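The values are calculated or read from the model by the stated rules, or taken from the named source; none is laboratory data. Here the structure is a predicted model, which means the values were calculated and not measured. FYI the Cβ positions are ideal-geometry reconstructions off the backbone, even for glycines, and counts take in every protein chain you see. With ligands, DNA and RNA removed, areas are computed over all heavy atoms of the protein, side chains included. Shrake-Rupley method; radii C 1.70, N 1.55, O 1.52, S 1.80 Å.
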Amino acid sequence: WRTIPVTYLDSRRFIDYGEVDGPKDLSGEFAFQWDAYNLYFYCRVRDDQITVRHKNGEIHRGDLIELFINPGGEGFKWNDKKNFQFGFTLDNESNEFKSWLWPQGYNPVTSAGVQAAIKLSQDGYILEAKIPWRLLGINPREGMTIRLSPAIHDLDANGGEGKVTWCFAMRKADS
């Protein structure tokens, strides 16, 4: 990953909601690579307080790296199983890796062939993930565009909360 250009996420430009107390509280960088079989995702998070209190479908309520993928390109729609919201986190107390896939409702590492690992760093944590194209229903080809958006959610011990999101375009839910 050292030779791959990264995109920086900071709260000055990419705040989705909440309050962030500077780049040490919440910031990050991400990068992608791909081959014929997989999408590779790297994300480094800077976070001065790692707080993970939940498991399974509730991991979004703590510190979390998310990756939203809209394979059809028509705009992400909540609860549409053609869209994917991956969540990855590491419980800093138990050192337990946790992941979830919404709205599909399962752990993509144990149930869908996703490979991922998170490790703590001096100033936060680092994720590397390998997501099979077949899970996303995508046959990759050079020059194609894939609509996706990394996001980082931060929850501090005092209840302070914030989220940075790179790019997000939601499609209005059908009535």
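What to note about this one:
- Span from the the range 100-148 Cα centroid across to the the range 3-33 one, whole angstrom: 19 Å
- Once the chain from residue 146 to residue 1 is taken as fully extended at 0.36 nm per residue, the excess over their C-alpha distance is 50.2 nm.
- Segment residue 97-residue 56, extension gain: residue separation times 0.36 nm, minus the distance between their alpha carbons: 13.7 nm
- Taken about its Cα centre, the range 24-153 carries a charge dipole of about 440 debye when Lys and Arg each add +1 at the Cβ and Asp and Glu each add -1 at the Cβ.
- Pairwise label distance in nanometres, residue 13 with residue 81, each label 7 Å out on the Cα-Cβ vector: 3.8 nm
- From most to least packed by mean Cβ count within 10 Å, the peptides 26-33, 10-17 give 26-33, 10-17.
- More than 23 angstrom apart: percent of Cα pairs within the range 35-175: 33 percent
- With the convex hull drawn over the C-alpha atoms of the range 21-76, the volume per residue is 132 Å³.
- Residue 167-residue 48 pseudo-label distance in nm [points 7 Å out on the Cα-to-Cβ vector]: 3.2 nm
- Burial order of peptide ranges 81-90, 134-143 (average beta-carbon count within 10 Å, highest first): 81-90, 134-143
- Per-residue accessible area (protein heavy atoms, 1.4 Å probe) orders 78, 102 as 78, 102, starting from the largest.
- Long pairs among 55/130; 24/82; 24/77; 77/119, criterion Cα-Cα beyond 24 Å: 24/82; 24/77; 77/119
- Helical contribution to [θ] at 222 nm, DSSP H n ≥ 4, -39,500 (n - 2.57), averaged over the chain, rounded to 500: -1000 deg cm²/dmol
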